[in-house]
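**Q** Here it is, the structure in full.
The values are calculated or read from the model by the stated rules, or taken from the named source; none is laboratory data. No experiment lies behind these values; they were computed from the predicted model shown. Please note: Cβ atoms are built from the backbone with ideal geometry, for glycine as well, and neighbour counts cover all protein chains shown. SASA here: full protein model, heavy atoms, side chains in, ligands and nucleic acids out. Shrake-Rupley method; radii C 1.70, N 1.55, O 1.52, S 1.80 Å.
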Amino acid sequence: MTAPATTAPPDAPATARHVGSWVAFRALLLRDGYVLRKNLREFLPRTILQPLLLVFVFTYVFPKIGQGIGGTAGAADFSTMLVAGVLASVILFQGIQSVALPMVQEFGFTREIEDRVLAPLPLELVGVEKIVAGALQCLLSALIVFPIATFVPATPVHLRLDWPVLLTIAPLACVMSAALGLLFGTLFDPRTVPLLFGIVVIPLTFLGCIYFPWAQLESIRWLQVLVLVNPLVYMSEGFRAALTPVPHMRLLAVYPVLLGFTVAFSALGLRTFRNRVLS
Amino acid sequence: MSTTASDASEHAPRPSDPPPGAPEVIRTVGLTKVYPGGVTAVDRLDLVVGRGEIFGLLGPNGAGKTTTAGMLTTRVVPTSGSAHVGGVDVWAHPARAKELIGVVPQTNTLDRALTVRDNLYFHGRFFGMSRAVARRETDDLLERFKLTERAAMPVLALSGGMAQRLMVARAVMHRPSVLFLDEPTAGLDPQSRIAMWEILADLHVDGQTILLTTHYMEEADQLCDRLAIIDHGRVLALDTPEGLKRSTGIDTSVVVSAEGDLAALAALLDREIDGSTSARVLDGTVHLGVTGAEGVLPAVVQVAERGGFRVTDLSITEPTLETVFIDLTGKDLRE
Ligand SMILES: Nc1ncnc2c1ncn2[C@@H]1O[C@H](COP(=O)(O)OP(=O)(O)OP(=O)(O)O)[C@@H](O)[C@H]1O
Ligand SMILES: [Mg+2]
C-alpha cells in the first residue's frame, strides 16, 4: 500500500479526517479556476467575438457607410449608449456559458455531478460555489470587453464613471447572471438546451435595453412596461448610470429590482439544484 | 430452509452479524425508499457491516442495489428508517458523512474537464489535502493503480477498465471509512474484471471496509465475506457465501436438457429421485437440487427415459449462489 495517510496512523486506516466546508469550497473554486485557465483559448474567443462584432457593426461600420442609427441621438451618443448595454449582455451571456452549460453536461446521462456533490460540504454550498465561480467569470469577461466597447467605435465614447455605482452594480449584475445560469442549468437538459438560446436568451437580449435606453421606449408604452420583467433591462440601465452621462432608469428602482432578482434566482436555482441531485 | 436474519440461533454468533469485536461501520435500521410514483425500491432494510468486511448486495436488475447505496451515500433521500456510516447519521449530517465515504457509482463520473492526474489531484484538494500532499498521493495512486502512463490523458481517452480503476483510486484517496462500489465490474471484459477483483482483494487485505453491489454471483462468491441476497428491495437471505450455499440443503445441482414437456419431467424427477429437494424449469432446462448425489446421474437418465423423455444433455455442479437465488425466488439471477 502507499505511504500512511498524513493524518491517520497506519494501524487505523479507516479514519478519514475532518475537512470543513470552507476548505472544500475553496478547493472547488480552485478547480473551476484551473479549468478556466486551461480553457482560456476557448474562453477568450467566445467572450470577445459577440460583443466585438456587435460594437464593430453598429458603431464602426454603420457610421462609416453613412447608415443612420441611434435615431435623433446621433452616432456618437449611440456608441456611448451602447457601452452599457454591451457590458450587460456580455455578463448575462457569460453567466449562462460558464454556469448553465457545464451544469447541463454534468447532469447529463452519466451524471458527473454525482461526484462533485460528494465533496465534503453541504449540497447547497456546492451550488453556491457554482454561483461564485460563475460571477467571477462574468466579472472577468466584463473587464475584457470594456476596452473593446470603448475603443472600437468610430465615434468617441463619452464615459463618465460613477465609481460607487459601478462597484456595486457590477458585482450585483454578475452574481445575478450566475444565479440565473444555475437556475437554467438545472431546468434544462441536453435535449432541451438549444431552446434555452432560441426562446429565452435571444428575447432577453433583444428586449434588454441594450440597443436603446429604457426611457426612449416611452413612445411604445406597452413595450416599455412589458420589458420590466427582463432582468437585463436593469443591468443595462445600471451600467448606463455607472459609466455614462446617458439618461437612465432611476437607481432607486434599479438596485432593489436587481437585488430581488438575485435573491429569487439564487433561491430557486439552489432549490432545483438540490431537487435534481437528490432522488 | 434458508437462513434469514431472523431465524438464526440466539446464542451462537449469528452469520448475519458482523465478525465479533469489529466496530460497526454501516448500520441501517428499517431503511426504506418509495420513489414518487409508488415503486418501493428498498423495503425495511436492516444491515450491519463491521470494519474490514467486504459486504455484498447481490440481486438482479431493479432489486434496489443502487438505491440502497444511494441512501447510504447522501444521494437518495430515504422515505423512512435510518442510515449510519462510521457512527454518523447520514441524513442528519450529510457533509460529515461525505468525509467518511468513498463512492464508485454505477456510471462514469470522472471529471471530463480534467486529465487523469488532475482528477486525483483535485479530489485530494476537495478532501483537505495540501498541494504537496495531494501531489504525492496522486503519484502514489497512479503508480499503484497502473495509470502512471496515462496520467496526462483526458479521462475520455481511457478504456472502461482504466476508467474504473481511476474511479476506485479516487474513491480511496481520502481514506474513507467505507468504500461503496456499485457494480464495479459491470460491462468490463473478463481480463479487466479479474484485475478489478485483485485490486479489491488488495484493499481488503489493507483493512478497507467495502460495500459492493453486484449481480454477478461469481463476484459475490469470490470477494465477499458476507452478503445479502436481495430482490424487490427485500433481503431474502444474509450470510457468508458458504453459509448461503449450505442453507439450501442442496449439495448437488443437476441440470437436465430434454425434449418434451419439461414441467412434467421436473415433477417426475422431483418425485422419483431420492434426495431431490427442488425441481424447476428455467431457460429450457430442468434444474434439480439433490442431497446425497451418489449415483444420481444414471438415476436421472433412467427415470426420464422410463417416463418417455429423451435426455439430450446432463450436467452436475456444486451448488452456487445462483442455486441459492433460484431456490429463494424460483427465478434466475442472470440478465
Ligand atoms: N429515480 C427513480 N425514480 C423512480 N423509480 C426509480 C428511480 N430509481 C430507481 N427506481 C426504481 O427502483 C427500483 C430499484 O432500482 P435500483 O436502481 O435501485 O436497482 P438496482 O438493483 O441498482 O438495478 P440495476 O442492476 O439495474 O442497477 C427499480 O424498480 C427502479 O425502476
Ligand atoms: Mg444499480
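**Q** Every residue in segment A:198-218 that is open to solvent by less than 60 Å² (accessible area, probe 1.4 Å) and under 19 Å from residue A:265 (Cα atoms), please.
**A** Looking only at segment A:198-218, we keep the residues that are open to solvent by less than 60 Å² (accessible area, probe 1.4 Å), and these are A:198, A:200-201, A:203-205, A:208-215, A:217.
Across segment A:198-218, the qualifying residues are A:200, A:201, A:203, A:204, A:205, A:208.
**Q** Has segment B:183-190 got at least one residue that is surrounded by fewer than 20 Cβ atoms within 10 Å (Cβ to Cβ), within 16 Å of ligand 2 (Cβ to nearest atom), more than 25 Å from residue B:49 (Cβ to Cβ) and touching a residue at least 12 places away in the same chain (Cβ under 8 Å)?
**A** yes
**Q** Quick one: would you say residue A:146 is surrounded by fewer than 21 Cβ atoms within 10 Å (Cβ to Cβ), away from chain B (no Cβ under 14 Å) and either of a type in the set (A, V, I, L, M, F, W, C) or within 14 Å of the chain's Cα centre (by Cα) (or both)?
**A** So residue A:146 passes the test.
**Q** Go through (1) of a type in the set (A, V, I, L, M); (2) buried (at least 21 other Cβ atoms within 10 Å of the Cβ); (3) more than 21 Å from residue A:259 (Cβ to Cβ) and name the single condition residue A:180 misses.
**A** In the conditions (1) of a type in the set (A, V, I, L, M); (2) buried (at least 21 other Cβ atoms within 10 Å of the Cβ); (3) more than 21 Å from residue A:259 (Cβ to Cβ), residue A:180 misses (3) alone.
**Q** Continuing with the same structure: Counting just the residues of segment B:115-158 that are touching a residue at least 24 places away in the same chain (Cβ under 8 Å) and open to solvent by 30 Å² or more (accessible area, probe 1.4 Å), which one comes out nearest to residue B:96 (Cα to Cα)?
**A** Ranking the candidates gives B:117 first.
**Q** Which members of segment B:211-228 meet the condition of being out of contact with any strand residue (DSSP E or B) (no Cβ under 9 Å at 6 or more places or on another chain) and within 16 Å of ligand 2 (Cβ to nearest atom)?
**A** Residues of segment B:211-228 out of contact with any strand residue (DSSP E or B) (no Cβ under 9 Å at 6 or more places or on another chain): B:218, B:222.
Hits for segment B:211-228: nothing passes.
Residue-by-condition table, conditions (1) in a strand (DSSP E or B); (2) assigned by TED's automatic domain parsing to the domain that holds residue B:72; (3) under 25 Å from residue A:102 (Cα atoms); (4) aromatic (Phe, Trp, Tyr):
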{"site": "B:99", "(1), (2), (3), (4)": "no, yes, no, no"}
{"site": "B:117", "(1), (2), (3), (4)": "no, yes, yes, no"}
{"site": "B:124", "(1), (2), (3), (4)": "no, yes, yes, no"}
{"site": "B:128", "(1), (2), (3), (4)": "no, yes, yes, no"}
{"site": "B:134", "(1), (2), (3), (4)": "no, yes, no, no"}
{"site": "B:142", "(1), (2), (3), (4)": "no, yes, no, no"}
{"site": "B:196", "(1), (2), (3), (4)": "no, yes, no, no"}
{"site": "B:199", "(1), (2), (3), (4)": "no, yes, no, no"}
{"site": "B:211", "(1), (2), (3), (4)": "yes, yes, no, no"}
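**Q** Would you say residue B:308 is open to solvent by less than 50 Å² (accessible area, probe 1.4 Å) and not hydrophobic (A, V, I, L, M, F, W, C)? Explain how you work it out, then say what you get.
**A** Working: open to solvent by less than 50 Å² (accessible area, probe 1.4 Å): no; not hydrophobic (A, V, I, L, M, F, W, C): yes.
Against the criterion (open to solvent by less than 50 Å² (accessible area, probe 1.4 Å) and not hydrophobic (A, V, I, L, M, F, W, C)), residue B:308 does not qualify.
**Q** Restricting to segment B:67-97, give me the number of residues that are under 14 Å from residue B:47 (Cβ atoms), hydrophobic (A, V, I, L, M, F, W, C) and either at the interface with another protein chain (Cβ under 10 Å from one of its Cβ atoms) or not in a loop (DSSP other than H, G, I, E, B) (or both).
**A** Number of matching residues: 5.
**Q** Report, by residue number, each residue of segment A:112-128 that is within 11 Å of chain B (Cβ to nearest Cβ) and assigned to a helix (DSSP H, G or I). Before you say what the answer is, go through the steps one by one.
**A** Keep residues of segment A:112-128 that are within 11 Å of chain B (Cβ to nearest Cβ), which gives A:112-126.
Passing the criteria: A:113, A:114, A:115, A:116, A:123, A:124, A:125, A:126.
**Q** Quick test for you: out of A:217, A:182, pick the one residue that is part of a helix (DSSP H, G or I) and modelled with pLDDT of 90 or more.
**A** Working: A:217 fails: modelled with pLDDT of 90 or more.
It is A:182.
**Q** Residue B:48 passes all but one of (1) without any contact (Cβ under 8 Å) to a residue 40 or more places away in the chain; (2) open to solvent by 40 Å² or more (accessible area, probe 1.4 Å); (3) more than 24 Å from residue A:112 (Cβ to Cβ); which number fails?
**A** The single condition residue B:48 does not satisfy is (2).
**Q** Is it true that residue A:101 is modelled with pLDDT of 90 or more, within 14 Å of another protein chain (Cβ to nearest Cβ) and in a loop (DSSP other than H, G, I, E, B)?
**A** Answer is no for this residue.
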